[in-house]
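I have a structure I would like to understand better, so I am pasting it below and will then ask my questions one at a time.
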Amino acid sequence: MDLAPASQPRRIVNGLSVDVEDWFHVGAFENTIARGEWDACDFRVERNVDCVLALFDRAGVKATFFTLGWVAERVPQAIRAIADAGHEIASHGYDHQRVFTMDRAAFAEDLRKSREILEDASGQAVTGYRAPSFSIDARNLWAFEELAQQGYAYSSSVAPIAHDHYGWREAPRFAFRPVEGAPLVELPVTTAMLGKRRMAAGGGGFFRTLPYGFSRWAINQVNREEGQPAIFYFHPWEVDPGQPRVAGAPLRSRLRHYTNLSAMEAKLERLLGDFSWGRIDAIAHNVAPDTQAEAA
Ligand SMILES: [Zn+2]
C-alpha cells in the first residue's frame, strides 16, 4: 500500500557505501603508523562490520562494501558474511595506496590482486572500484582506461571538490563515462550546491562532524532539485568509539577522526530512514547509455 500523497515524486534510490578498512589504514595516520606495523594494531574491522550489517538489516537496506584486499586476506569470513547478506562486494584496492602515487603498471597489478582476493572471499564477481582517498583526478585519467580495460562496470573514485587531501574540483558532479567508447561509468561522491559553491555532502568526516540537518538538506537538494541519486559513504571505524587513540598524529587529523564517533550510529539510522538506499552496482547499471564522456 502506497501512502505517499499523489503529488509526491517517486523517491530516488541513493547509493549507500562502506569503505571497509580499519582505523589504522586511514590516510591521516599514514605518517604515524607505517604499513609494516599494521599487523600489530588492534584489528577491529570485523566487529565493526558486524555492527554495520546489523544496522543495515534493521533498516532493510542493501549497500556496496568497497573492501581492501589486505582486509579480505585476513578476515575472509567477514567478507563472505557481507556478500551472504545480499550486499555488493567491490574493490578499494589492496592496501590503500593512493592511485596518484602509482604508475599504470603498479595500479593494474593492485587492481588484479585485490579483485582476486575479494572474489575468492566473497564468491561474487567484483565489478566496482573506489580509489583510496578519492585519488583519481586530472593527473591520472589513465586509471580510468585501466579500469575499463580490466572490465570494471563502474568506479566511484572522484571527489568533485577541492579538499586538503584530495579532490578534482572541475570534475562533473554526477555520473559520467570517463573513457570514450567504453561502458565504464564514474559515479562521483555527492556534493551539493550552496549558491555557486560545491559543498562535500557524500559522507565521511563531513557527515559525522556537521549537524545531521545539513546532510538531509543536501541529499534532498540532489534528489528533488537535480533529480540525481546521492552517492554516500562511511567507514566501519566511524561507528567504533572504543578504537585506540593515535597520539602522534597531527591535531587536525585527530580532530577529524575522533569527533562524534559515539553519535554516528544514531545519525546513520536517521539517514537510512529518511531516504531510499541501495547498492551502487544497481545505480551504475541504470545510468543512461547515452551519458556523455566528459572527462578525458
Ligand atoms: Zn579508504
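Treating only the Cβ atoms of Lys and Arg (+1) and Asp and Glu (-1) as charged, compute the dipole magnitude of the chain about its Cα centre; round to the nearest 20 debye.
Working: 32 positive and 38 negative charges, 218 e Å.
For this selection, approximately 1040 debye.
Here is a further query. Enumerate the residues in region 53-76 having an amide nitrogen under 19 Å from the point lying 7 Å beyond the Cα of Glu119 toward its Cβ.
So the set is 65-74, 76.
According to a simple spin-label model (label point 7 Å from Cα along Cα-to-Cβ), what is the distance in nm between Gln150 and Lys196?
4.0 nm
For region 98-246, what is Rg from Cα atoms divided by 2.2 N^0.38 Å, rounded to two decimals?
Numbers: Rg = 16.3 Å, N = 149, 2.2 N^0.38 = 14.7 Å.
In units of the 2.2 N^0.38 Å rule of thumb, it is 1.11.
State the extension gain, in nm to one decimal, for the chain segment bounded by Ala59 and Ala247, taking 0.36 nm per residue of separation less the distance between their alpha-carbons.
Values: separation 188, 0.36 × 188 = 67.68 nm, distance 3.55 nm.
Here the segment from Ala59 to Ala247 would lengthen by 64.1 nm.
Moving on to the next point. Mind listing the long-range amide H neighbours of Leu194? Cut-off is under 5 Å, sequence gap 5 or more, other chains count too, H placed in the peptide plane at 1.01 Å from N.
Those lying under 5 Å, H to H, from Leu194 are Met199.
If only Cα atoms are counted, what is the Rg of region 127-187, and what is its Dmax, in Å?
Rg and Dmax of region 127-187, Cα atoms, are 10.7, 33 Å.
On a C-alpha basis, how far is the centre of region 178-250 from the centre of region 43-122 in Å? Whole number, if you could?
Centre-to-centre distance over Cα atoms comes out at 19 Å.
What value, in deg cm²/dmol to 500, does the helix sum -39500 (n - 2.57) over DSSP H runs of n ≥ 4 give at 222 nm once divided by the residues of the chain? Spell out each step's value before the answer.
Working: 10 runs with 97 residues, N = 296.
Rounded to the nearest 500, the figure is -9500 deg cm²/dmol.
State, as an integer percentage, the relative contact order of the chain based on alpha-carbon contacts under 8 Å between residues 6 or more apart. Walk me through the intermediate numbers first.
Numbers: 532 pairs, mean separation 73.3, N = 296.
About 25 percent, as a whole number.
Report the gain in length on full extension from Ala263 to Asp103: 0.36 nm times residue separation, minus Cα-Cα distance, nm rounded to one decimal.
Numbers: separation 160, 0.36 × 160 = 57.60 nm, distance 3.98 nm.
Stretched fully, the Ala263-Asp103 segment lengthens by 53.6 nm.
Please give the direction-averaged projected area of the C-alpha convex hull for the chain, in square nanometres with one decimal.
With the hull built on Cα positions only, its mean projection is 15.5 nm².
Relative contact order, percent, of region 126-174 when contacts are C-alpha pairs under 8 Å separated by at least 6 residues?
41 percent
Which of the GluC sites (Glu not before Pro) found in region 171-248 are loop residues per DSSP with 12 or fewer other Cβ atoms within 10 Å of their Cβ?
Working: sites: Glu180, Glu186, Glu225, Glu226, Glu238; in loops: Glu180, Glu226.
In loop regions of region 171-248 (DSSP not H, G, I, E or B), the sparsely surrounded GluC sites (Glu not before Pro) are Glu180.
For region 201-212, what does the Karplus curve 6.51 cos²θ - 1.76 cosθ + 1.60, with θ = phi - 60°, yield as ³J(HN,Hα) per residue in whole Hz, taken in order and with x for Gly and Pro?
With the stated coefficients, region 201-212 comes to 9, x, x, x, x, 5, 5, 6, 8, 8, x, 4 Hz.
DSSP loop (so not H, G, I, E, B), at most 13 other Cβ within 10 Å: list which trypsin sites (Lys or Arg not before Pro) in region 177-253 pass both filters.
On the way: sites: Lys196, Arg197, Arg198, Arg208, Arg216, Arg224, Arg245, Arg252; in loops: Lys196, Arg245.
Here the trypsin sites (Lys or Arg not before Pro) that fit, given the DSSP loop and packing criteria, are Lys196, Arg245.
Pop the C-beta distance of Glu225 and Ala282 into the FRET formula with R0 = 30 Å and round what comes out to the nearest 0.05.
Numbers: r = 23 Å, r/R0 = 0.76.
Result of the calculation: an efficiency of 0.85.
Now for a separate question. Starting from the amide H of Arg173, placed 1.01 Å from N in the peptide plane, find each other amide H under 5 Å away whose residue is 5 or more places distant or on another chain.
none
Percent relative contact order of region 137-296, based on C-alpha pairs within less than 8 angstrom and at least six residues apart?
On the way: 206 pairs, mean separation 38.5, N = 160.
For region 137-296, the relative contact order is 24 percent.
Collect residues whose amide H, placed 1.01 Å from N in the peptide plane, falls under 5 Å from the amide H of Trp277; neighbours closer than 5 in sequence don't count.
Close amide H contacts, sequence-distant or interchain: Asn14.
Laboratory data are not the source of any read-out in this text; all were calculated from the coordinates shown. If you're wondering where the values come from, they're calculated on a predicted model, not measured in any experiment. Because the Cβ atoms are built from the backbone with ideal geometry, glycine has one as well, and the counts that use them run over all protein chains shown.
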